[in-house]
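Peer 1: This is the structure, below, for whatever I ask next.
The values are calculated or read from the model by the stated rules, or taken from the named source; none is laboratory data. Every value quoted in this text rests on a predicted model; they were computed, and no experiment measured them. Glycine gets a Cβ as well: all are built from the backbone with ideal geometry, and neighbour counts include every protein chain shown. Ligands, DNA and RNA are excluded from the accessible area calculation, which covers all protein heavy atoms including side chains. Shrake-Rupley method; radii C 1.70, N 1.55, O 1.52, S 1.80 Å.
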Amino acid sequence: MKTILWDFDGVILESMKVRDWGFKEIFKDYDQKLIDQLLAYHRKNGGLSRYVKIRYFFEELVGQPTTDEAVLGYAQKFSVLMR
């Protein structure tokens, strides 16, 4: 059996707007200004992992430390939305 994996995001399919929506959804209970700052960071750093962006949101924008478990939980919510 042969498996082929295509990573075509940004080449064939532009998903930045969908990802914007996903970040807005997982952080919808937070201040819109913080979400807007995250979206600006996300757009500027499109190639960074969602895990990095989620940690950035909490530690740099919200100003609170976070755990790997919390980051993983938000990343899983994001993944469900992206499906």
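Peer 1: Taking the stretch 60-77 only, how many residues are assigned to a helix (DSSP H, G or I), without any contact (Cβ under 8 Å) to a residue 24 or more places away in the chain and surrounded by fewer than 16 Cβ atoms within 10 Å (Cβ to Cβ)?
Peer 2: Looking only at that region, the number is 7.
Peer 1: Tell me, yes or no, whether the stretch 22-37 has at least one residue that is assigned to a loop (DSSP other than H, G, I, E, B), hydrophobic (A, V, I, L, M, F, W, C) and at pLDDT 95 or above.
Peer 2: yes
Peer 1: Can you name every residue in the stretch 22-39 that is within 10 Å of residue 57 (Cα to Cα) and open to solvent by 40 Å² or more (accessible area, probe 1.4 Å)?
Peer 2: Correct list: 37 only.
Peer 1: I'd like the residue in the stretch 45-59 that is among the charged types (D, E, K, R), open to solvent by 50 Å² or more (accessible area, probe 1.4 Å) and under 11 Å from the mean Cα position of the chain (by Cα) and, out of all such residues, is farthest from residue 17 (Cα to Cα).
Peer 2: Among residues in the stretch 45-59 that are among the charged types (D, E, K, R), open to solvent by 50 Å² or more (accessible area, probe 1.4 Å) and under 11 Å from the mean Cα position of the chain (by Cα), the one farthest from residue 17 (Cα to Cα) is 55.
Peer 1: Checking residue 3 against (1) open to solvent by 100 Å² or more (accessible area, probe 1.4 Å); (2) among the hydroxyl-bearing types (Ser, Thr, Tyr); (3) at pLDDT 95 or above: exactly one of these is not met. Which one?
Peer 2: If we test residue 3 against (1) open to solvent by 100 Å² or more (accessible area, probe 1.4 Å); (2) among the hydroxyl-bearing types (Ser, Thr, Tyr); (3) at pLDDT 95 or above, just (3) comes out false.
Peer 1: Another one. For the stretch 6-21, how many residues meet the condition of being modelled with pLDDT under 55 and not acidic (Asp, Glu)?
Peer 2: Qualifying residue count, the stretch 6-21: 5.
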